[in-house]
Amino acid sequence: MSMPYLGHVLNGWTMPYKCYFITQTVKNHVPVNIALVKTLRLCLQPLSPEEVRRKPENERSWKWFSILVKSSEKEMNTDDLLYAKGIFYRIDTVQPWNDTGYRRYHATQYYTGKGPVYSVIYKSNGADSGNPPDEYAYQKGGTVAVSGKNTLARTDYTFTGWNTLSDGTGTQYSENDDIEIGTSNITLFAQWSVST
């Protein structure tokens, strides 16, 4: 199905949503969900009744949603989870309307049954170039290796690790130290010492 270019119309409709791109791994014989966390600008709306009626009969009672995302954003795939306003949505189908400047997805409200996930967030804390490691989310009780500095740099300073407080008075972590996931997000701030 072809559509006219909608980029100029839909710009005002999109809002930023936190998206979780789930990967399932097995640790100690237990499946564990790990999620890359990205913020995407998108338009999320309930699917129209006409489109729901076109779904297979056994799927018409599901809570269906239509999602429009700019083509320049990270592409989502079937079974990716989208988190918006406290609700997870599972991507069911992908409709690449690249000629409109957007991709369209059909998604259903999703209950994980595995409890919430919590993010490890890295902050540059004074770096003047580069990017901190990506944010990932994990389930409670998981043990995660702390990342390195990625591409962060600060003129005349040396990276010395991470701390739970920006002023360095919290818990200190080095690259590859283990950190246990509790019941809240963990924010780690880059620490810097003056180069000699």
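Below are the figures for this structure:
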{"read-out": "Leading residue by the ranking (surrounded by the most Cβ atoms within 10 Å (Cβ to Cβ)) among those in region 42-74 that are free of Cβ contacts under 8 Å to residues at least 40 places away in the same chain and of a type in the set (Lys, Arg)", "value": "Lys55"}
{"read-out": "Some residue of region 166-173 being surrounded by 17 or more Cβ atoms within 10 Å (Cβ to Cβ), of a type in the set (Ser, Thr, Tyr) and either assigned by TED's automatic domain parsing to the domain that holds Thr23 or under 15 Å from Leu36 (Cα atoms) (or both)", "value": "no"}
{"read-out": "Pairs, first on the phi > 0 side of the Ramachandran plot in region 89-110, second modelled with pLDDT under 90, C-beta under 7 Å, six or more apart", "value": "Gly101/Tyr5; Gly101/Leu6; Gly101/Gly7; Gly101/Lys70; Gly101/Ser71"}
{"read-out": "Enumeration of residues in region 21-68 that are at pLDDT 85 or above and of a type in the set (Val, Ile, Thr)", "value": "Val37, Thr39, Val52, Ile67"}
{"read-out": "Residues being surrounded by 16 or more Cβ atoms within 10 Å (Cβ to Cβ) and either part of a loop (DSSP other than H, G, I, E, B) or touching a Leu at 6+ places or on another chain (Cβ under 9 Å) (or both) - total across region 75-100", "value": "10"}
{"read-out": "Enumerated strands (runs of 3 or more DSSP E) restricted to region 115-196, each holding at least 3 residues that are in contact (Cβ under 8 Å) with a residue 60 or more places away in the chain and under 22 Å from Leu82 (Cα atoms)", "value": "117-123, 135-139"}
{"read-out": "Residues of region 174-196 classified as of a type in the set (Val, Ile, Thr) and either crowded, with 16+ Cβ neighbours inside 10 Å or on the phi > 0 side of the Ramachandran plot (or both), total", "value": "4"}
{"read-out": "Region 47-74, residues that are assigned to a helix (DSSP H, G or I) and among the hydrophobic types (A, V, I, L, M, F, W, C)", "value": "Val52"}
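The values are calculated or read from the model by the stated rules, or taken from the named source; none is laboratory data. What you see is a predicted model, and the numbers here were worked out from it, not measured in a lab. Note that we place each Cβ from the backbone using ideal geometry, even for glycine, and neighbour counts take in every protein chain shown.
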